[in-house]
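A short worksheet on the structure shown next.
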Amino acid sequence: STTTEVVTSAGRRFFVSPVPEFRLKEQ
Amino acid sequence: AEDTGVRVELAEEDDGKKTSIALRLWVEDPKKLKGKYKDSGAIEFTFDLNKEVPEAVAQEMVDSGLFLDSDMKIVGRSIRDRVALIKWRRERTISRDK
């Protein structure tokens, strides 16, 4: 999996993964 | 809601009951950000609709290095807009059911 877990000092978890192509606005 | 260049959407279906809900946030238009944006990807997190403050979550994203300090406000506002929409939808559903 390409998801990265980021745990903050406050204990919150962020799960970061690549944005699918179709989600990105055309530049 | 205003187009902030930052998209926030539900990462799960809203059952209308849970106070803690999964959200997904990503940058759709980096040009709208003040800081130089490094592509961190889509960020998934849970948000408590009753207890949490969107700006505090944005601050934690900054502290974690996902955004620059100069973009804290825009990220916070984007989360706030989505949270307001979710709450509005829930209230509408409740009043419709009555």
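The values are calculated or read from the model by the stated rules, or taken from the named source; none is laboratory data. Because the structure is a prediction, the values reported are computed rather than measured. Don't worry about glycine lacking a Cβ; one is built from the backbone with ideal geometry, like all the others, and counts go over all protein chains shown.
Listing for the model above:
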| read-out | value |
| --- | --- |
| Index of the failed condition, B:R90 passing every other in (1) surrounded by fewer than 18 Cβ atoms within 10 Å (Cβ to Cβ); (2) over 27 Å from B:E13 (Cα atoms) | (2) |
| Boolean, B:K36 is touching a strand residue (DSSP E or B) at 6+ places or on another chain (Cβ under 9 Å), of a type in the set (K, R) and over 29 Å from B:T93 (Cα atoms) | no |
| B:S70 buried (at least 19 other Cβ atoms within 10 Å of the Cβ) and hydroxyl-bearing (S, T, Y) | no |
| Complete set of residues in region B:31-49 that are in a loop (DSSP other than H, G, I, E, B) and in contact (Cβ under 8 Å) with a residue 12 or more places away in the chain | B:L33, B:K34, B:G35, B:K36, B:Y37, B:D39, B:S40, B:G41, B:L49 |
| Top-ranked residue in region B:49-66 [being of a type in the set (G, A, S) and either closer than 11 Å to A:V6 by Cβ or in contact with a strand residue (DSSP E or B) (Cβ under 7 Å, 6 or more places away or on another chain) (or both); ranked as surrounded by the fewest Cβ atoms within 10 Å (Cβ to Cβ)] | B:G65 |
| Identity of the residue in region B:7-48, hydrophobic (A, V, I, L, M, F, W, C) and farther than 22 Å from A:V7 by Cβ, that ends up surrounded by the most Cβ atoms within 10 Å (Cβ to Cβ) | B:L33 |
| Residue within region B:50-59 that is at pLDDT 95 or above, under 16 Å from A:F15 (Cβ atoms), within 14 Å of another protein chain (Cβ to nearest Cβ) and outside any helix (DSSP H, G or I) present | no |
| Filter pass, B:L25 being within 16 Å of B:D3 (Cβ to Cβ), within 11 Å of chain A (Cβ to nearest Cβ) and of a type in the set (A, V, I, L, M, F, W, C) | yes |
